[in-house]
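The structure appears below as structure tokens.
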């Protein structure tokens, strides 16, 4: 069993040097996932000089952890989307997401990128024991936005022969890292410069442009796009409208032909999703995902993987051995739509924030939208994703998600998880109370202790240990820190404060 993403089996992404000294460009893009590289592609094709900079390696963030469904309908159901945003915006949302799938198809064909792109059917099926009327309601909402859909009974999964189903033709799937590698290669040909292992510590508008500061250099640009999903530019305003969730994926070997190719997902909450990926020889991989929870609010990955495996084997008895398992983090917005466009209060800083579980289509669509805005063009999707929008109907979601912050900060008065450092075994992390301070303590495999403040450097929320990924998670806004205290996921940009033993 390999506890890593299936996509990372092939190291095909470009290498890039650290930024040292100063650099200048028309547009600086922070983040090298699907949103960042797609933005660089769109702008460089239109003659702009672009720099892409990332705190890690190129393409090694959350895009490498997607299950890579390309489904243009709202993950949280179009019925719910329509309640919050209305019929007109729902239609524009669908059209924008469908256009993103079309754009991926167009780019991979025109640039000759071998990325396993394939059009195929999608099936939303009735969850176990759930009423059928959820399918009827969704059918009406999907028809209203103009998406092709058919109502069926049964999908080719054991025990689901009589469940009610919506069939969506012309969906798609892709190998995300092969696509990113192809995009990066075209970008390099177009003059895009890449810098890796270069964390951006400050983004500021000054002198009619934008300055990005890193530990060993800076970039000056006419405009900047913060494509880090959880923005490092906005401190709190937009972060109060998003919530980080962990999601889990298990990959199984299966003999070719045992499962009809398609995208399958159910109406349960959290829902399950299934897809095939071509494998070697006469075998394929079946990817099964789900078991989502708020980031930092559970540390039971093995149990969640076990439940996913049990669910999958019951519905697909021909599954072989588990080959991979991994988790990723999605950033859900309170109204199911990312924040894409000019940052509120800024003139030259643009955001691509909040994938709402549909990172690939949000990233590609957002690249088209932000590129048009930077070039001074209006865009029909602008109002759908505007970062300064106000969705009054989502007030309940706003209050629910922000209760996390209040509950989290209250943990500072709670006891520690361990009473002394001697309780920590090699490879374990836990919270220790020392007087008024909470300490994030980790003992590495060699027995060395790593002690840091348990306070997230974004707005001070209380961190939790993630034993599966061996990192510290922030439940409030999705920051992630390595055991050595270094930030590895936005919005935090500063390292945790070291603590003496």
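The values are calculated or read from the model by the stated rules, or taken from the named source; none is laboratory data. Fair warning: this is a prediction, and the values are worked out from it, not measured in the lab. Methodologically, a virtual Cβ is constructed for each residue, glycine included, from the backbone with ideal geometry; neighbour enumeration extends over all protein chains shown.
Quick notes on this structure:
- Here residue 241 passes the criteria (1) under 28 Å from residue 394 (Cα atoms); (2) out of contact with any helix residue (DSSP H, G or I) (no Cβ under 9 Å at 6 or more places or on another chain) except the one numbered (2).
- Across region 403-417, the qualifying residues are those that are free of Cβ contacts under 8 Å to residues at least 40 places away in the same chain and outside any loop (DSSP other than H, G, I, E, B), and the one among them that is nearest to residue 334 (Cα to Cα) is 403.
- Contacts under 6 angstrom Cβ, first residue in region 30-58 being within 13 Å of residue 372 (Cα to Cα), partner in a loop (DSSP other than H, G, I, E, B) and at pLDDT 95 or above, 6 or more apart: 40/192; 44/190; 44/192
- Single residue of 147, 224, 204 found to be at pLDDT 95 or above, surrounded by fewer than 22 Cβ atoms within 10 Å (Cβ to Cβ) and not assigned by TED's automatic domain parsing to the domain that holds residue 122: 204
- Criterion: in contact with a helix residue (DSSP H, G or I) (Cβ under 6 Å, 6 or more places away or on another chain) and either assigned to a helix (DSSP H, G or I) or more than 22 Å from residue 274 (Cα to Cα) (or both) - qualifying residue of 143, 137: 137
- When region 230-266 is filtered for residues that are crowded, with 18+ Cβ neighbours inside 10 Å, modelled with pLDDT of 95 or more and part of a loop (DSSP other than H, G, I, E, B), the ones remaining, listed by number, are 259, 262.
- Residue 21 falls short of the stated requirement of being within 30 Å of residue 288 (Cα to Cα), in the same structural domain as residue 215 (by TED's automatic domain parsing) and out of contact with any helix residue (DSSP H, G or I) (no Cβ under 7 Å at 6 or more places or on another chain).
- Taken as a whole, the structure places residue 222 among residues that are more than 17 Å from residue 355 (Cβ to Cβ) and in contact with a helix residue (DSSP H, G or I) (Cβ under 9 Å, 6 or more places away or on another chain).
- Any chance residue 465 is surrounded by fewer than 23 Cβ atoms within 10 Å (Cβ to Cβ), in contact with a strand residue (DSSP E or B) (Cβ under 6 Å, 6 or more places away or on another chain) and outside the structural domain of residue 31 (by TED's automatic domain parsing): yes
- Those residues of region 369-388 which are touching a helix residue (DSSP H, G or I) at 6+ places or on another chain (Cβ under 8 Å) and without any contact (Cβ under 8 Å) to a residue 24 or more places away in the chain, in sequence order: 378, 379
- Annotation note: of 141, 185, the sole residue that is in the same structural domain as residue 59 (by TED's automatic domain parsing) and modelled with pLDDT of 95 or more is 185.
- Test: residue in region 411-426 that is more than 17 Å from residue 499 (Cα to Cα), out of contact with any helix residue (DSSP H, G or I) (no Cβ under 9 Å at 6 or more places or on another chain), modelled with pLDDT of 95 or more and loosely packed, with under 13 Cβ neighbours inside 10 Å: yes
- If you go through region 281-301 and keep only what is part of a loop (DSSP other than H, G, I, E, B), touching a strand residue (DSSP E or B) at 6+ places or on another chain (Cβ under 8 Å), closer than 19 Å to residue 470 by Cβ and free of Cβ contacts under 8 Å to residues at least 60 places away in the same chain, you end up with just 298.
- Residue within region 476-483 that is over 27 Å from residue 248 (Cβ atoms) and surrounded by fewer than 23 Cβ atoms within 10 Å (Cβ to Cβ) present: no
- Complete set of residues in region 26-69 that are at pLDDT below 95 and either assigned to a helix (DSSP H, G or I) or touching a helix residue (DSSP H, G or I) at 6+ places or on another chain (Cβ under 7 Å) (or both): 58, 59, 62, 63, 64, 65, 66, 68
- Yes/no for residue 485 being on the phi > 0 side of the Ramachandran plot, out of contact with any strand residue (DSSP E or B) (no Cβ under 6 Å at 6 or more places or on another chain) and in a loop (DSSP other than H, G, I, E, B): no
- Filter result for the condition that a residue is in contact with a strand residue (DSSP E or B) (Cβ under 8 Å, 6 or more places away or on another chain) and free of Cβ contacts under 8 Å to residues at least 40 places away in the same chain, over 307, 313: 307
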